[in-house]
Structure formats: C-alpha cells, structure tokens
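Please read the structure below before turning to the comments.
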Amino acid sequence: MKNSKQNEPLVTHIFTADPSAHVFEGKLYIYPSHDLDHDEPSNDNGDQYKMEDYHVLSMEDADAPCIDHGEVLHLKDIPWASKQLWAPDAAYKNNTYYLFFPARDHDGIFRIGVATSESPAGPFKPEPNYIPGSFSIDPAVLVDEDDKAYVYFGGLWGGQLEKWQTGTFLSDAEGPAATAPALGPIVAELTDDMLNFKGEPQEISIVDEDGNPILAGDEDRRYFEGPWVHKYNGLYYLSYSTGTTHKIVYAVSENPQGPFVYKGTILTPVSGWTTHHSIVEFKDKWYLFYHDCSMSGGVNHKRSVKFTELKYNEDGTIQTIDPYGDK
Ligand code: FUB
C-alpha cells in the first residue's frame, strides 16, 4: 500500500468527498461522503449526489498509507432516510463514537440523523428517527473543552436552507434579496446523550470587521454550505464554503455560537463545483482536508479527498492555500 502524499487523492479505488477529519485513539480518522460512480446529468439541486453509504478512512501518520475500513453504514439500514447520504461528521463523547449525517426523509426533506459505534472505524448503528427539529445538510460537531457539544449545519440550494426561514418548510421559499443579510449557518447545542437538540436551533450571524452583517449578494464572503468549527488559541474559527464563488473562507468568534467576524480565504477554488473541508490538529501540525475532482477529470460528483498542511500567522489569521500552488 502506498504512503499518503499531501495534495493527492487519499484513496483511488472509490470516489470520496466532504472529508471530516478527527484524531481518535492517536490516529487520523476521516469521515467522507462516498460519491457514486455514475454518468447521469447534474443540476443545481444536487440530484447527482446520490450517495448510498459511508466508508471510514484512517491514517496512522500524515505520511502513512490511508486505510479504507469499508462500508460502515448503508441507506437501507436507516429507517427514516430515502436517499442522498451527504456530508457527515463524527464526534466522541460518553465512550461512544457518533456519526452525524444528512439525508432526505421520505418526504424529500433533508434531515440530520445520528448513528453510534464503539469504534471510530464503525460499523455505525443508526437511530430509528432523525434528530427531532433537524433540517438541511452538512452537520459538523464540536465537543468543546467544557464537554458541551454543538452541531453546526445548513446549506443553500439543494441543501434547502432557504426553505426554513420561517421555522417551517416552505417548498417554494427563496433566499433573501442581495442587499439583505445573508442566511447564516445554524447551530444547536446537543443534549448530553448527543441524540437531541437541547433548545431551538439558532442562526449564526457572520459580520464584517465593522460589525455589519455579510449580505446575501456578497458571494465572495457569504455562507453557502459545509460549516466547520475548530478552536485555536481559545478562539472559535468557523470556516465554510462560499458555494457559487467556490472558496473556503473563515470567520472568528470568542463564543461558539457567534457572532463570527469574517477574516479571509483559507482555500482558493479547487477543480469541480463544490468545495468542502475540515481542519484538524495532529502531532503538533494543523491540516486542511478537502476534496477536488482531479481524479475524474472534473466531473462534479466524482470527487477525491486530499489533505495539506495549514499554517497560521502570528496574529492568528490563517495563510491562504492554493491547492495547485506547487504544480
Ligand atoms: O456531497 C454533497 C454535498 O456537496 C455536500 O453536502 C456539500 O457540502 C457539497 O460538498
């Protein structure tokens, strides 16, 4: 088996995307989406992303071979879900590993479910129902130093976030006007057993350096999908995809629920429409996990997970990464 190399696909025998990386039991574990290899057409609703299962990947070291632990959860075993197992995340608490994942329910509405395992490598057993009150896509979980856990989620367009502005699902609702504040990601504190929201989910506010909300028309900075929150020097860093402008950008706060102040770009556009990432500290270095479509020659729904080192400046800002910079 080949050693892993930065900025190259972690695995080549399957298409993988949306990597959520964590250090569990001293190793790097990566929880990606498993893209299906099909040639059907694409649309803005994301119907081409028709994933049916999850695999777990792991690496003993940043240059060690990447192991595929195989299928750890399949759509057919999730009673509430009908299709599209999109970007997952994992968390550890209560001596249990939790896999959080979005899927469409039997009414075609995206919800967020949880599955559990005794091992970070799975297999994961799904809860019979989705988290009550959950909606939209791309859950990312932060278990804070005080042991409180938060799930961040939400995505525009196919992710249906626009349809929840009133608190109920309105199938024909559209996003705010370009001059109005953009929709933010959603945060909910999790109950101690990690299976429910503690209170009502709240929208996160992302503001500029002057405290003004980022506007919906500001597509270089506004939230689109794929939230991730990590801590560095006591501050919370919320990073996310800008969707239509294909960047990973970030904003910083002293509070896990915001408001977050926009700071800048972490990753410039990759090949393919979507960009999705996670950030993890491993053996005193920081890494950005991301995906692109280089292995499929640019087919949007055939993506590959990659990683690269991420560096901070002395003032805590993150150095922008060009994924093809050295090529
Ligand atoms: O993989 C399906 C969707 O594409 C994810 O949920 C989004 O973040 C985007 O990467």
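The values are calculated or read from the model by the stated rules, or taken from the named source; none is laboratory data. Predicted model only: the values in this text are computed from it and were never measured. FYI the Cβ positions are ideal-geometry reconstructions off the backbone, even for glycines, and counts take in every protein chain you see.
Kindly indicate whether residue 11 is out of contact with any Ser or Thr (no Cβ under 7 Å at 6 or more places or on another chain) and part of a strand (DSSP E or B).
Values: out of contact with any Ser or Thr (no Cβ under 7 Å at 6 or more places or on another chain): yes; part of a strand (DSSP E or B): no.
No; evaluated as a whole, the condition is false for this residue.
Which ones in segment 274-298 are in contact (Cβ under 8 Å) with a residue 60 or more places away in the chain, among the hydrophobic types (A, V, I, L, M, F, W, C) and surrounded by fewer than 21 Cβ atoms within 10 Å (Cβ to Cβ)?
Correct list: 282, 295.
Just one of 314, 309 is away from the ligand (no atom under 15 Å from the Cβ), in a loop (DSSP other than H, G, I, E, B) and at pLDDT 95 or above; which is it? If you could, list the steps in order and put the result at the bottom.
Details: 309 fails: in a loop (DSSP other than H, G, I, E, B).
Result: 314 is the single residue among 314, 309 that is away from the ligand (no atom under 15 Å from the Cβ), in a loop (DSSP other than H, G, I, E, B) and at pLDDT 95 or above.
So which of 154, 234, 199 ends up being modelled with pLDDT of 95 or more and out of contact with any Phe, Trp or Tyr (no Cβ under 8 Å at 6 or more places or on another chain)? Quick ask: steps written out before the conclusion?
Values: 154 fails: out of contact with any Phe, Trp or Tyr (no Cβ under 8 Å at 6 or more places or on another chain); 199 fails: modelled with pLDDT of 95 or more.
The unique qualifying residue is 234.
What tally of residues in segment 125-147 results from selecting those that are within 16 Å of the ligand (Cβ to nearest atom) and either of a type in the set (Val, Ile, Thr) or outside any strand (DSSP E or B) (or both)?
The total comes to 8.
May I ask you to list pairs of residues, at least six apart or on different chains, whose Cβ atoms are under 7 Å apart, with the first in segment 82-111 being assigned to a strand (DSSP E or B) and the second being buried (at least 20 other Cβ atoms within 10 Å of the Cβ) and acidic (Asp, Glu)?
Cβ pairs passing all conditions: 100/89; 102/138.
Yes or no, residue by residue, for (1) among the small types (Gly, Ala, Ser); (2) within 12 Å of the ligand (Cβ to nearest atom):
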site: 7; (1), (2): no, no
site: 19; (1), (2): no, yes
site: 22; (1), (2): no, no
site: 29; (1), (2): no, no
site: 32; (1), (2): no, yes
site: 35; (1), (2): no, yes
site: 42; (1), (2): yes, yes
site: 47; (1), (2): no, yes
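Do any residues in segment 226-247 that are at positive phi have Cβ atoms under 7 Å from those of residues that are part of a helix (DSSP H, G or I) and within 11 Å of the ligand (Cβ to nearest atom), where the two are at least six apart or on different chains, and which pairs are they?
Cβ pairs passing all conditions: none.
Taking residue 187 as the residue in question, decide whether it is buried (at least 18 other Cβ atoms within 10 Å of the Cβ), at pLDDT 95 or above and over 15 Å from residue 141 (Cβ atoms). Break it down stepwise before answering.
Values: buried (at least 18 other Cβ atoms within 10 Å of the Cβ): yes; at pLDDT 95 or above: yes; over 15 Å from residue 141 (Cβ atoms): no.
So residue 187 does not fit the description; no.
With the condition kept exactly as written, say whether any residue in segment 113-130 is of a type in the set (S, T, N, Q), surrounded by fewer than 22 Cβ atoms within 10 Å (Cβ to Cβ) and farther than 26 Å from residue 59 by Cα.
Initial filter on segment 113-130 (of a type in the set (S, T, N, Q)): 116-117, 119, 129.
Restricting the remaining residues to those that are surrounded by fewer than 22 Cβ atoms within 10 Å (Cβ to Cβ) gives 116-117, 119, 129.
Still in the list and also farther than 26 Å from residue 59 by Cα: 129.
There is at least one residue in segment 113-130 that is of a type in the set (S, T, N, Q), surrounded by fewer than 22 Cβ atoms within 10 Å (Cβ to Cβ) and farther than 26 Å from residue 59 by Cα.
Could you count how many residues in segment 24-45 are within 22 Å of residue 289 (Cα to Cα) and small (Gly, Ala, Ser)?
First, pick out the residues of segment 24-45 that are within 22 Å of residue 289 (Cα to Cα): 24-37.
Narrowing further to those that are small (Gly, Ala, Ser): 26, 33.
Looking only at that region, the number is 2.
Quick check: is even one residue across segment 57-78 in contact (Cβ under 8 Å) with a residue 60 or more places away in the chain, assigned to a strand (DSSP E or B) and under 22 Å from residue 139 (Cα atoms)?
Yes; the residues of segment 57-78 include at least one that is in contact (Cβ under 8 Å) with a residue 60 or more places away in the chain, assigned to a strand (DSSP E or B) and under 22 Å from residue 139 (Cα atoms).
For segment 82-99, give me each residue that is of a type outside the set (D, E, K, R) and either within 12 Å of the ligand (Cβ to nearest atom) or in contact with a helix residue (DSSP H, G or I) (Cβ under 6 Å, 6 or more places away or on another chain) (or both).
Listed by number, the residues that qualify are 84, 85, 86, 87, 88.
Can you list residue pairs whose Cβ atoms sit under 6 Å apart, with the first residue in segment 112-124 being in a loop (DSSP other than H, G, I, E, B) and the second being among the small types (Gly, Ala, Ser)? Count only pairs 6 or more apart in sequence or on different chains.
Correct list of pairs: 124/115; 124/117.
Just a yes or no: is a residue in segment 165-182 touching a Phe, Trp or Tyr at 6+ places or on another chain (Cβ under 8 Å) and outside any loop (DSSP other than H, G, I, E, B)?
Looking through segment 165-182, none of the residues is touching a Phe, Trp or Tyr at 6+ places or on another chain (Cβ under 8 Å) and outside any loop (DSSP other than H, G, I, E, B).
Return yes when residue 223 is more than 16 Å from the ligand (Cβ to nearest atom), surrounded by 15 or more Cβ atoms within 10 Å (Cβ to Cβ) and hydroxyl-bearing (Ser, Thr, Tyr) and no when it is not. Spell out how you get there, then give the answer.
Working: more than 16 Å from the ligand (Cβ to nearest atom): no; surrounded by 15 or more Cβ atoms within 10 Å (Cβ to Cβ): yes; hydroxyl-bearing (Ser, Thr, Tyr): yes.
For residue 223, the condition - more than 16 Å from the ligand (Cβ to nearest atom), surrounded by 15 or more Cβ atoms within 10 Å (Cβ to Cβ) and hydroxyl-bearing (Ser, Thr, Tyr) - is not met.
In the set 297, 272, which member is away from the ligand (no atom under 16 Å from the Cβ) and among the small types (Gly, Ala, Ser)? Quick ask: steps written out before the conclusion?
Values: 272 fails: away from the ligand (no atom under 16 Å from the Cβ).
Being away from the ligand (no atom under 16 Å from the Cβ) and among the small types (Gly, Ala, Ser) holds for just one of 297, 272, which is 297.
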